[in-house]
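The values are calculated or read from the model by the stated rules, or taken from the named source; none is laboratory data. Being a predicted model, the structure only gives us computed values, none of them experimental. Counting neighbours? That spans all protein chains shown, and the Cβs are built from the backbone with ideal geometry, glycine included. What goes into the accessible areas is simple: the full protein's heavy atoms, side chains included, and nothing from ligands, DNA or RNA. Shrake-Rupley method; radii C 1.70, N 1.55, O 1.52, S 1.80 Å.
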Amino acid sequence: MDSRVAVIGGGFYGCSVAIHLAQQGADVVLFERSPDLLTRASYHNQARLHNGYHYPRSFSTAYRSRLNFQRFLHEFRPAIVTEFVKLYAIARVGSKVSPRQFEVFCHNIEAPIRPARSCFLDLFSPRLISSVYETQEYAFDAAVLRRLLRERLAQAGVTVKLATAIAAVEVGTVNPLTVVDSNGNGAGVDYVFNCTYSGLNAIAGIAPSRLRLKHEIAEMPLVQLPDELREVSVTVMDGPFFSFMPFPNRGLSTFSHVRYTPQSAWTEAAPPNPNPYITLESLEKRSNFGFMVRDAQRYIPCLANMVYRDSLFELKTVLVKNENDDGRPILFEVDPAQSRIVSLLGSKIDNIYDALEAVDQYLSAA
Ligand SMILES: Cc1cc2nc3c(=O)[nH]c(=O)nc-3n(C[C@H](O)[C@H](O)[C@H](O)COP(=O)(O)OP(=O)(O)OC[C@H]3O[C@@H](n4cnc5c(N)ncnc54)[C@H](O)[C@@H]3O)c2cc1C
């Protein structure tokens, strides 16, 4: 590929797309508004390397996760933490999936599962939890991912411009496209890949997504687990329940609750919409940890001894169309007015292979 490309957004998706394009011969510049790479959703997340279990209501999302899991494990092995037991538990009341349905679903996607040993089963309230399974799911260390991506960007020859927010993309005569930063500096390119996640619809000159976006301000407390839960991670399915996962870079665990993690949410309407990053910055941050732990300890009594350390607050952006099935496809859209501009909404970290496949299909048709 003999072209100049601007990739906007230095999260996991933007970095991966930039490396992929540079490896094919493109002259790539990556623009990131923060002072470092992977500081936003790609760092502030639950660090779960999905293996399908989480999506019993979206077979395609679960199945894609199963396919991507091994490949991700192979390509990012130094960033993967495996030394914990991952338990999926089914709530007796209010779950959208029964134990039998969960077992059949895991069987259909060929995800390993077995009834939990009694040492783990005893952690749960039998009044509220009907079944517990040991599964195979891992965590990733986002700081190690960042280091690996930095090295791969350098090897591929990508120019990285940090602390550079792109404000507009202009169509020109000398250059097909010019990306203009917030200080008015412009760079001429042939293609633009907009990988700005929550900022997808906030750059002038790029058409807003045809599919509606929902933004959520999510809080994930970072906690120290009680001794009984050392090296254990739990997800209670499938409804207004909770989950805790290792957050390897801080030596703590994230704690999330379907009811209390989203602190506010809004769907985008006709433009102009507020820039979600500015909305988050202006928000007063207050923790819902108390509500979360009071609910969760009914299911796992020893959680009463969990210790709160800190909270991660981050924007989560998803497609409104997946509200009901909880599916997490990527969004890949070519700008209707300018076929050299592509907007790509990242999804789960392992969905990156779906994104790179879409990039290849787009380029082969271009
Ligand atoms: C609370 C939460 C929990 C999650 N848990 C998991 C999980 O356990 N497992 C999983 O696989 N996925 C999880 N996800 C989803 C996953 O983290 C994201 O889908 C993924 O990180 C998106 O990557 P990205 O590169 O598209 O976005 P980001 O990492 O947010 O990168 C976008 C980048 O664009 C930059 N940017 C924005 N506007 C501009 C601009 N105008 N100019 C220049 N730069 C700009 C931003 O600063 C940012 O660095 C979670 C997400 C959240 C929020």
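Could you do me a favour and compute the accessible area per residue for the stretch 277-321, 1.4 Å probe, result in Å²?
Working: 2410 Å² over 45 residues.
For the stretch 277-321, the solvent-accessible area averages 54 Å² per residue.
Using a simple charge model, +1 on the beta-carbon of Lys and Arg, -1 on the beta-carbon of Asp and Glu, nothing else, what dipole does the stretch 75-126 show about its Cα centre, in debye to the nearest 20?
So the dipole magnitude of the stretch 75-126 works out to roughly 180 debye.
Report the label-to-label distance for residue 363 and residue 334 in nanometres (one decimal), using points 7 Å from each Cα along the Cα→Cβ vector.
1.5 nm
Along the Cα-to-Cβ line of residue 59, 7 Å from the Cα, sits a label point; which residues in the stretch 105-122 have backbone N less than 19 Å from it?
Label zone hits: 105-112.
Write down the percent of antiparallel bridges among all DSSP beta bridges whose residues are both part of the chain, to the nearest 5. Intermediate results must be reported in sequence, preceding the final value.
Working: 53 of 75 bridges.
So the antiparallel bridges in the chain amount to around 70 percent.
Determine the distance separating the Cα centre of the stretch 26-46 from the Cα centre of the stretch 127-185; give it in Å without decimals.
That distance is 4 Å.
Where does the chain land at 222 nm, in deg cm²/dmol rounded to the nearest 500, when only DSSP H runs of n ≥ 4 count, each adding -39500 (n - 2.57), divided by all residues?
-7500 deg cm²/dmol
P(r) of the stretch 186-225 in 10 Å steps, Cα pairs, percent per bin?
Percent of pairs per bin, in order: 19, 39, 21, 15, 6, 0.
Determine the gain in length on full extension of the stretch residue 23-residue 266; use 0.36 nm per residue of separation and subtract their C-alpha separation, reporting nm with one decimal.
Contour length minus the Cα-Cα distance gives 83.7 nm.
Just want the answer: with Cβ charges of +1 for Lys and Arg and -1 for Asp and Glu, which residue in 346, 211, 296 is farthest toward the dipole's positive end in the chain?
296
Roughly how many debye, to the nearest 20, is the charge dipole of the chain about its Cα centre, given +1 on each Lys and Arg Cβ, -1 on each Asp and Glu Cβ, and no other charges?
Values: 37 positive and 37 negative charges, 162 e Å.
The calculation lands at about 780 debye.
Return P(r) of the stretch 225-350 (all Cα-Cα pairs; 5 Å bins starting at 0; whole %; ordered from short to long distances).
Result, from short to long distances: 2, 8, 15, 18, 18, 15, 11, 7, 4, 2, 1, 0 percent.
Hey, could you grab the Kirkwood Rh for the stretch 4-365? Inverse mean 1/r over distinct alpha carbon pairs, Å, one decimal.
That comes to 21.3 Å for the stretch 4-365.
Quote the relative contact order of the chain in percent (integer), defining contacts as alpha-carbon pairs under 8 Å separated by 6+ residues. Please report the intermediate quantities before stating the final value.
Working: 742 pairs, mean separation 83.8, N = 366.
Once normalised by length, the contact order is 23 percent.
Along the charge dipole of the stretch 74-225, which of 184, 119, 154 sits closest to the positive end, that is, farthest toward it, with unit charges on the beta carbon of Lys, Arg, Asp and Glu (+1, +1, -1, -1)?
Farthest towards the positive end: 119.
Kindly state, to the nearest 0.05, the FRET efficiency for residue 117 paired with residue 147, given R0 = 56 Å and r defined as their beta-carbon distance.
Efficiency for this residue pair is about 0.95.
Which residues does the label zone of residue 4 cover in the stretch 189-230, counting backbone N under 14 Å from a point 7 Å along Cα→Cβ?
Label zone hits: 189-192.
On a 26 Å Cα-Cα criterion, which of the cross-link pairs 86/348; 214/285; 96/214; 161/285; 86/321; 86/316 come out too long?
161/285; 86/321, as the Cα separations exceed 26 Å there.
For a quick check of your reading of the filter: which trypsin sites (Lys or Arg not before Pro) in the stretch 106-183 sit in a DSSP loop and have no more than 14 other Cβ atoms within 10 Å?
Of the trypsin sites (Lys or Arg not before Pro), the ones in loops of the stretch 106-183 whose Cβ has at most 14 other Cβ atoms within 10 Å are 117, 127.
What trypsin sites (Lys or Arg not before Pro) in the stretch 238-309 are in a loop by DSSP, with at most 16 other Cβ atoms within 10 Å of the Cβ?
Counting only loop positions with at most 16 other Cβ atoms within 10 Å, the trypsin sites (Lys or Arg not before Pro) in the stretch 238-309 are 259, 285, 286.
Determine the share of the chain's accessible area contributed by carbon and sulfur atoms, expressed in whole percent, with a 1.4 angstrom probe.
Carbon with sulfur: 50 percent of the solvent-accessible area.
For a quick check of your reading of the filter: which chymotrypsin sites (Phe, Trp or Tyr not before Pro) in the stretch 5-39 sit in a DSSP loop and have no more than 10 other Cβ atoms within 10 Å?
none
Place a point 7 Å from Cα of residue 183 in the direction of its Cβ. Which residues in the stretch 150-173 have their backbone N less than 13 Å from it?
161-166
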